[in-house]
Amino acid sequence: MFSKHLVENLSYQLNNLFNSFSYLGGEYCLLIGIFFLILIELKPTSAHKNWGISIGILTMLLSIFQLWITLKNISPKGQNLFEEMLVLNSFNLQLKIILAIIGLLTFIFLAFSSTYKEKNFPFSEWILFILTIELGLYILVMSQNLLAIYLSLEVVSLVSYILVALPFKKQNAEASIKYLLFGAFTTGITLYGMSLLYGLTGSLDMNPAIISANFNAVKSPLWLMAFFLTCGSLFFKISSLPFHFWTPDVYEAGNSPLVAFLSTAPKIAGAWILIFFSSLVPTFWLPTWQVLLSVIAILTMTLGNFGAFKQTNIKRMLAYSSIAHASFMLIPAIVGVHLAGNFFLYYAVVYSLGTFGAFWLAENYFQKFGTFDMKYLKGIGRWNVGFGVIFLVFLLTLNGLPPTSGFNAKLFFFSALWQSYTQTKIFMLLVLLVIGVLNTGFALFYYLKIPYLLFIKNQMTEEKIVIKYHYFINFLFGFILILLFFGLNLFL
Amino acid sequence: MITLYVSLSAFLFSIGTLIVLTKKNIIVILMGIELILNAANLNLIVFGQFDKEYLRGHVFALFIMVVATAEVSVALAIIWLVYKYFNTTNIDELKTLKE
């Protein structure tokens with residue numbers, strides 16, 4: 001039954017397996033944290049929400065520490081794990097550290113959010129699920145194999161559906177079922193594409209050697225179609241155009257820490273896998289692939305910005321802004337990892353901090369007024385100067401204007417796009433560049449709506465309304481964002 | 001022979017996609033999604049015949065079945081929640097979140 005070749009190599013393979021396990025320190029920390037949280041959940045009372053949050057924060061800190069140790073010891077050319085299923089290199093590890101910091105921020109955000117004061121909210125389960133998503137994302141960014149990519153993506157997706165449904169209210173149920181149906185459909189499309197890729201190349205591994213070994217199969221248009229279908233789940237994860245419909249509903253229904261997490265961590269990991277996939281496209285398909293992604297990026301950013309323009313709900317507006325940002329995550333995939341690989345990490349940090357800050361202040365606004373509708377913002381800027389100014393910093397970061405580091409991130413991406421255009425002379429890249437710049441200008445209209453309402457509009461009543469916000473942490477975010485603008489060489 | 005199987009799976013994929021795009025009942029949409037997953041499974045098993053040494057296609061198909069079961073159980077739990085609030089499983093009637 002089993003082939004001889006496999007049995008003879010058994011001891012070698014077992015050794016390889018055990019050796020691979022020694023590189024997964026960060027993942028073990030998450031597993032231990034998940035185990036403790038399950039133990040806590042055995043006795044269901046609402047008293048252990050502080051326990052849950054402490055265990056979550058401790059787990060993420062330990063995980064960051066472990067990843068940092070692995071980063072110090074990793075060899076420069078990387079390490080293949082589990083028979084080339086996963087690859088570990090310094091870039092992956094830095095990305096994992098960013099993801100872990102996002103998880104840490106999510107738990108801190110939860111402790112300060114209005115969700116924390118709710119009576120029947122299942123805290124330790126919520127933290128357990130966030131840790132599970134982190135585990136899936138850690139494995140996703142290392143994946144080099146279709147099976148590993150599918151399984152880790154499914155871990156992330158399935159747990160996200162549950163998390164959106166978790167407070168079990170009416171709007172959560174509705175958002176969650178829409179999210180699930182879109183997600184399951186895109187997963188089906190991705191799997192169909194993966195099965196065709198497997199049939200064409202005879203292997204589940206995704207590396208340049210496999211692509212070049214099957215030259216005839218890769219040359220057929222069917223391969224490109226299968227490859228595009230395989231990227232379906234990734235488009236869904238970064239909420240890019242064909243599969244973006246879930247974003248506004250989920251963002252409106254989910255609680256703020258969850259939405260801040262969902263709009264950063266899975267998007268960054270998904271965008272990275274998309275960049276990795278694009279690096280595999282052989283040279284004769286590259287122009288077609290670039291045009292295809294450029295068209296998606298153009299449509300995505302235009303739709304996102306126009307959708308955001310008419311929103312009156314802060315969270316829905318940020319959801320459309322996050323759709324518009326999906327197109328900027330496509331740019332490194334278009335220009336290739338050699339031009340934009342390092343910028344991607346910078347962009348990931350800037351985008352995460354900006355998004356977290358904006359959602360944090362939106363949550364503070366919600367704690368005061370009990371709604372995310374913008375109508376109460378009118379004219380209260382003179383009582384809340386700090387709140388307004390720091391909100392402006394986050395919105396300018398998301399829009400990409402100086403003096404915030406969002407400007408640098410956009411400048412890098414656009415200059416990489418220009419460089420790619422001068423090399424390849426593909427007209428679509430120039431169109432993308434022009435429309436991208438125009439959209440950045442157009443996006444100002446809705447990003448500056450909040451500061452406009454705060455400072456320019458007149459207040460309806462003469463009452464003094466002061467929003468309590470967590471100034472220490474928000475000013476820290478804003479300070480980092482401005483520091484990254486000036487002290488760029490600290491980072492790169 | 002392989003052409004027949006691959007055509008059958010393409011046919012299943014098309015039916016599944018059509019069901020997802022046209023039907024209104026959430027449970028029927030889930031059935032369409034299952035058809036798409038089974039199309040992928042069929043493809044993987046057919047192509048796995050040429051990969052006798054490692055049987056990666058078969059292994060992948062097994063994983064898909066297990067994960068699909070998990071997905072359906074989560075979906076049914078959420079559908080139960082939706083039914084509790086909306087008293088319907090028609091996807092068009094779920095529109096409290098639209099503006």
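The values are calculated or read from the model by the stated rules, or taken from the named source; none is laboratory data. Every value quoted in this text rests on a predicted model; they were computed, and no experiment measured them. Positions of Cβ are generated from backbone atoms using ideal geometry, with glycine treated the same way; all protein chains shown enter the neighbour counts.
Listing for the model above:
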{"read-out": "Hey, A:S176 surrounded by fewer than 24 Cβ atoms within 10 Å (Cβ to Cβ), over 24 Å from B:N41 (Cβ atoms), touching a residue at least 24 places away in the same chain (Cβ under 8 Å) and touching a helix residue (DSSP H, G or I) at 6+ places or on another chain (Cβ under 7 Å) or not", "value": "no"}
{"read-out": "The stretch A:275-291 - residue that is crowded, with 18+ Cβ neighbours inside 10 Å and among the aliphatic types (A, V, I, L, M) and, of those, farthest from A:Q423 (Cα to Cα)", "value": "A:I275"}
{"read-out": "Condition broken by A:V466, with the remaining ones in (1) closer than 25 Å to A:T288 by Cβ; (2) part of a loop (DSSP other than H, G, I, E, B); (3) β-branched (V, I, T) satisfied", "value": "(1)"}
{"read-out": "Single residue of A:S152, A:S160 found to be surrounded by fewer than 24 Cβ atoms within 10 Å (Cβ to Cβ), within 25 Å of B:G32 (Cα to Cα) and within 14 Å of another protein chain (Cβ to nearest Cβ)", "value": "A:S152"}
{"read-out": "Selected residue [among the aromatic types (F, W, Y), surrounded by fewer than 24 Cβ atoms within 10 Å (Cβ to Cβ) and within 11 Å of chain B (Cβ to nearest Cβ)] from A:F228, A:F185, A:F243", "value": "A:F185"}
{"read-out": "Residue that is touching a helix residue (DSSP H, G or I) at 6+ places or on another chain (Cβ under 8 Å) and closer than 30 Å to A:F472 by Cα, where the choices are A:K117, A:K49", "value": "A:K49"}
{"read-out": "Positions within the stretch B:50-92 being under 30 Å from A:L200 (Cα atoms), more than 7 Å from chain A (Cβ to nearest Cβ) and touching a residue at least 12 places away in the same chain (Cβ under 8 Å), in sequence order", "value": "B:H58, B:A61, B:M65, B:A68, B:V72"}
{"read-out": "Residue match in the stretch A:191-204 (condition: more than 7 Å from every other protein chain (Cβ to nearest Cβ), on the phi < 0 side of the Ramachandran plot and within 21 Å of the chain's Cα centre (by Cα))", "value": "no"}
{"read-out": "Any hit, the stretch A:474-487, residues being farther than 30 Å from A:G341 by Cβ and either modelled with pLDDT of 75 or more or aromatic (F, W, Y) (or both)", "value": "yes"}
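Residue-by-condition table, conditions (1) of a type outside the set (G, A, S); (2) within 19 Å of the chain's Cα centre (by Cα); (3) surrounded by 15 or more Cβ atoms within 10 Å (Cβ to Cβ):
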residue	(1), (2), (3)
B:G32	no, yes, yes
B:A40	no, yes, yes
B:N43	yes, yes, yes
B:I64	yes, yes, yes
B:L76	yes, yes, no
B:F86	yes, no, yes
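Matching residues to (1) in contact with a His (Cβ under 8 Å, 6 or more places away or on another chain); (2) touching a residue at least 24 places away in the same chain (Cβ under 8 Å):
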{"position": "A:V349", "(1), (2)": "no, yes"}
{"position": "A:L377", "(1), (2)": "no, yes"}
{"position": "A:L398", "(1), (2)": "yes, yes"}
{"position": "A:W418", "(1), (2)": "no, no"}
{"position": "A:Y421", "(1), (2)": "no, no"}
